[in-house]
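Student: Before anything else, here's the structure in question.
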Amino acid sequence: MADFIVRIAAVLIFFSIVFGALRLIIGKTLMDRVVAIDMLTVVSIALVTLYAHLSGRFVYIDVALVYGLLSFLAVLAIARFLEKGP
């Protein structure tokens with residue numbers, strides 16, 4: 001049963017990557033692309049944690065936490081830059 005749930009999670013992560021890449025490519029505004037990149041980082045964090053679960057090496061969860069923090073700070077920096085204008 002757990003193997004089935006892991007496969008469903010992998011399929012959902014794959015579809016999230018596809019839809020996020022599509023939004024990144026066909027995004028009309030810069031904010032659409034920023035949101036798509038932020039979504040792709042969240043999906044990659046989910047991918048890292050799924051790999052940590054499958055491999056049994058839970059040190060990768062720490063990597064995912066640090067990556068999430070850096071992603072959050074990057075989105076804040078981009079939002080601050082876009083608020084002031086180029």
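Only the coordinates and a few stated rules stand behind these numbers; no lab work does. Fair warning: this is a prediction, and the values are worked out from it, not measured in the lab. Heads up, the Cβs are rebuilt from the backbone with ideal geometry, glycines too, and the neighbour counts pull from every protein chain shown.
Student: What tally of residues in region 37-62 results from selecting those that are surrounded by 10 or more Cβ atoms within 10 Å (Cβ to Cβ) and over 13 Å from the mean Cα position of the chain (by Cα)?
Tutor: Adding up the residues that qualify gives 10.
Student: OK, next. Aliphatic (A, V, I, L, M) and touching a His at 6+ places or on another chain (Cβ under 8 Å): is that true of residue 6 in this structure?
Tutor: yes
Student: Counting only residues that are surrounded by fewer than 11 Cβ atoms within 10 Å (Cβ to Cβ) and of a type in the set (Val, Ile, Thr), how many does region 67-86 have?
Tutor: Residues in region 67-86 being surrounded by fewer than 11 Cβ atoms within 10 Å (Cβ to Cβ) and of a type in the set (Val, Ile, Thr): 0 in total.
Student: Give the residues of region 10-36 that are in contact (Cβ under 8 Å) with a residue 24 or more places away in the chain, of a type in the set (A, V, I, L, M, F, W, C) and either crowded, with 16+ Cβ neighbours inside 10 Å or under 23 Å from residue 70 (Cβ atoms) (or both), sorted by residue number.
Tutor: Listed by number, the residues that qualify are 13, 17, 30, 31, 34.
Student: Here is a follow-up. How many of the residues in region 49-66 are in contact (Cβ under 8 Å) with a residue 12 or more places away in the chain and farther than 29 Å from residue 81 by Cα?
Tutor: Going through region 49-66 one residue at a time, the tally reaches 7.
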